[in-house]
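Asker: Quick one: the structure is below, questions incoming.
The values are calculated or read from the model by the stated rules, or taken from the named source; none is laboratory data. For clarity, every value in this text was computed on a predicted model and none was experimentally measured. All Cβ positions, even for glycine, are placed from backbone atoms using ideal geometry, and neighbour counts span all protein chains on display. When the accessible area is computed, the model is the full protein with side chains, heavy atoms only, and any ligands, DNA or RNA have been set aside. Shrake-Rupley method; radii C 1.70, N 1.55, O 1.52, S 1.80 Å.
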Amino acid sequence: MDKQAAENQVTVYTKSSEETFKLGQILGEVLTAGDCVALFGTLGSGKTLLTQGIARGMNVPENVYVTSPTFTLINEYPGRVPIYHVDLYRISDEDELIELGLDDLLGGDGMVSVEWAEKLLARYLRSCNIWVELVIEDTNNRRITVTTTKEAIMDAVKRFQDSVRENRNG
């Protein structure tokens, strides 16, 4: 992402797994073919949970269970557009990463969500137009920073913030 992306950054705080899921769902409602979400965060920070929410927001049927593809590396789900869920946790070198075939997925007919995006090569990371960093504040609380050049994503995050504010105060 270029320097301008820093101007399009927002941080939100979730206080439960339900809120993290809801953020993903709201993001999923505006994601389209060609989008790539790069997810950064430690083990247990909520990357898979956020992707589950994204999948629901992209109309993945309720009976399709969205799981982290830790061992399969890539899962595909049917939604408004195909969803490719990539998990790079077990990738140990550049050759393995290249063998995955990300070139065929990025910028293609579907939306790509990449867990452990810090393992991506620069050429792939540049293809991701949405970066999400999840930080564990404590057991239930997460600090989630979204960086993007896509205005619809920024609007979605603002809608999430408004919704959470109403629910917490309501």
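Asker: So what J values fall out for the stretch 144-156 if you push phi through Karplus, 6.51 cos²θ - 1.76 cosθ + 1.60 with θ = phi - 60°, rounded to Hz, Gly and Pro as x?
Answerer: Taking θ as phi minus 60°, the curve returns 10, 10, 10, 10, 7, 9, 9, 4, 4, 5, 4, 4, 5 Hz for the stretch 144-156.
Asker: Ok, one more. Give me the 1.4 Å probe accessible area per residue for the stretch 16-170, excluding ligands and nucleic acids, in Å².
Answerer: Using a 1.4 Å probe on heavy atoms only, each residue of the stretch 16-170 averages 47 Å².
Asker: Lys/Arg Cβ at +1, Asp/Glu Cβ at -1, dipole of the stretch 14-170 taken about the Cα centre: which of Asn75, Tyr89, Val135 is farthest positive-ward?
Answerer: Val135
Asker: Count neighbours as other Cβ atoms within 10 Å of each site's Cβ, and list the chymotrypsin sites (Phe, Trp or Tyr not before Pro) in the stretch 68-170 that are DSSP loop with at most 10 such neighbours.
Answerer: Passing both the DSSP loop test and the Cβ count: Phe71.
Asker: Still on this structure: Going by alpha carbons, how many degrees (0 to 90, nearest 10) lie between the helix axis of 47-57 and the longest principal axis of the chain?
Answerer: 80
Asker: Work out from phi, with θ = phi - 60° and the Karplus expression 6.51 cos²θ - 1.76 cosθ + 1.60, the ³J(HN,Hα) of each residue of the stretch 116-129, listed in order in whole Hz, and give x for Gly and Pro.
Answerer: Karplus values, whole Hz, x for Gly and Pro: 6, 4, 4, 8, 5, 5, 3, 5, 7, 4, 4, 6, 8, 8.
Asker: Let me ask something additional. For the stretch 46-170, take the convex hull of the Cα atoms, compute a quarter of its surface area, and give me that in nm², please.
Answerer: Quarter of the Cα hull surface area: 8.9 nm².
Asker: Above 15 angstrom, tally the Cα pairs of the stretch 79-136 and express them as a % of all pairs, no decimals.
Answerer: 48
Asker: A further question on this structure: Tell me, what is a quarter of the convex hull surface for the C-alpha atoms of the stretch 55-111, in nm² with one decimal?
Answerer: Answer in nm², one decimal: 4.1.
Asker: Still on this structure: Run the accessible area of the chain with a 1.4 Å probe and give the carbon-and-sulfur part as a rounded percent.
Answerer: 47
Asker: Quickly estimate the mean residue ellipticity at 222 nm for the chain, helices only: each DSSP H run with n ≥ 4 gives -39500 (n - 2.57), and the total goes over all residues, rounded to 500.
Answerer: -9500 deg cm²/dmol
Asker: Name the long-range amide H neighbours of Cys36: under 5 Å, sequence gap of 5 or more, or other chain; modelled H, no Pro or chain starts.
Answerer: Placed amide hydrogens put Val112, Asn129, Ile130 under 5 Å from Cys36.
Asker: Can you give the longest stretch of the chain with no exposed loop site, where a site means trypsin sites (Lys or Arg not before Pro) in a DSSP loop (not H, G, I, E or B) with at most 15 other C-beta atoms within 10 Å?
Answerer: 16-89
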